[in-house]
Amino acid sequence: MRKKVVAGNWKLNKTLKEVHDFAENFLSLAKAKELKQSDVMIFAPNIYLDKLKTLFNENAIIIGAQDVSEHEKGAYTGEVSAAMLSSIGITHCIIGHSERRKYHNETHDQLREKLIRLSENKITPVFCCGETLEERNNGNHFNVVRNQIMDSVLSLDKTVYSNIIIAYEPVWAIGTGVNASPEEAQEMHAFIRQLFTDEAGKDFAADLRILYGGSVSPENSAGLFEQNDIDGGLIGGASLKPEALHMILKNSLS
Ligand code: PGA
């Protein structure tokens, strides 16, 4: 049985005071038992990672980064390395989010390097993939997702991606309030799992956790999470509100 993941992606949001308020409110809502049953993760701006680790200490909430440098170290102003994340105890990191692909022109090659840096530092990647609306309307969505995964993940040695989590996030569903239907999401998740079955083996694929992201909410999460191949969510907007994230957590418990 794959353990569900409820992962909040805070993006470029929250001041320090808001971080404190969130921690206090979320911890007053979430019961210890709920936090054990699903893996709860919060991907926050780097500046808050250390603080969040302290605030959520002993509560089994995983704190992660939203991106990492493809470089090991050196003259790369503004970058944060996998070794730095690891040195403050960070164990999880998002890579390949569509906003990074779009606004920072991230390429497959860069994502491959990032996967290698994370693996060297024993950090679990949450690798995002997903098609645009145009690509879906053209019937090209399976090809797009296959290429994203083949070119960045499955072209590497299996040891590099051995603990990866995949997040399928159709770009047209991110921040739009329009989520993929449970059936549309399930169809793509099954496709992704089959890809891993073919390329990495049946056992690997059976254990692989594939999250859905794109306008996940308290209202639609139960329907999504009950699909066979949907192992949880990567949640943007709704993860900023403690009550909404807690409702989504509750919907992940079966
Ligand atoms: P959203 O964002 O839930 O606000 O659509 C999801 C994401 O980008 O990870």
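The values are calculated or read from the model by the stated rules, or taken from the named source; none is laboratory data. In this text, all values refer to a predicted model and were calculated from it rather than measured experimentally. Positions of Cβ are generated from backbone atoms using ideal geometry, with glycine treated the same way; all protein chains shown enter the neighbour counts. Calculation scope for accessible area: heavy atoms of the full protein, side chains included, ligands and nucleic acids excluded. Shrake-Rupley method; radii C 1.70, N 1.55, O 1.52, S 1.80 Å.
Descriptive notes on the structure:
- Selection of the stretch 28-44 for residues being open to solvent by 20 Å² or more (accessible area, probe 1.4 Å) and either within 13 Å of Ile62 (Cβ to Cβ) or of a type in the set (Ser, Thr, Tyr) (or both) yields Ser28, Lys36, Asp39.
- Hey, Lys11 open to solvent by 40 Å² or more (accessible area, probe 1.4 Å), over 21 Å from Pro125 (Cβ atoms) and touching a residue at least 24 places away in the same chain (Cβ under 8 Å) or not: no
- Consider the stretch 129-152 and keep the residues that are in contact (Cβ under 8 Å) with a residue 40 or more places away in the chain and in a loop (DSSP other than H, G, I, E, B). The one that is farthest from Glu184 (Cα to Cα) is Thr132.
- One residue stands out among those in the stretch 117-128 that are part of a helix (DSSP H, G or I) and under 25 Å from Val6 (Cα atoms): the one that is nearest to the ligand (Cβ to nearest atom), which is Leu118.
- Qualifying residue in the stretch 239-251 (condition: closer than 22 Å to Ile149 by Cβ, touching a residue at least 40 places away in the same chain (Cβ under 8 Å) and touching a helix residue (DSSP H, G or I) at 6+ places or on another chain (Cβ under 7 Å)): no
- Meets criteria (more than 15 Å from the ligand (Cβ to nearest atom), touching a Leu at 6+ places or on another chain (Cβ under 8 Å) and of a type outside the set (Lys, Arg)) for Ile149: yes
- Residues of the stretch 49-86 satisfying the condition of being over 16 Å from Ile123 (Cα atoms), within 18 Å of the chain's Cα centre (by Cα) and modelled with pLDDT of 95 or more: Leu52
- Consider the stretch 88-105 and keep the residues that are farther than 20 Å from Ile62 by Cβ and in contact with an Asp or Glu (Cβ under 9 Å, 6 or more places away or on another chain). The one that is most open to solvent (accessible area, probe 1.4 Å) is His104.
- Considering each residue of the stretch 193-206 in turn, none proves to be hydrophobic (A, V, I, L, M, F, W, C), buried (at least 22 other Cβ atoms within 10 Å of the Cβ), within 18 Å of the chain's Cα centre (by Cα) and within 15 Å of the ligand (Cβ to nearest atom).
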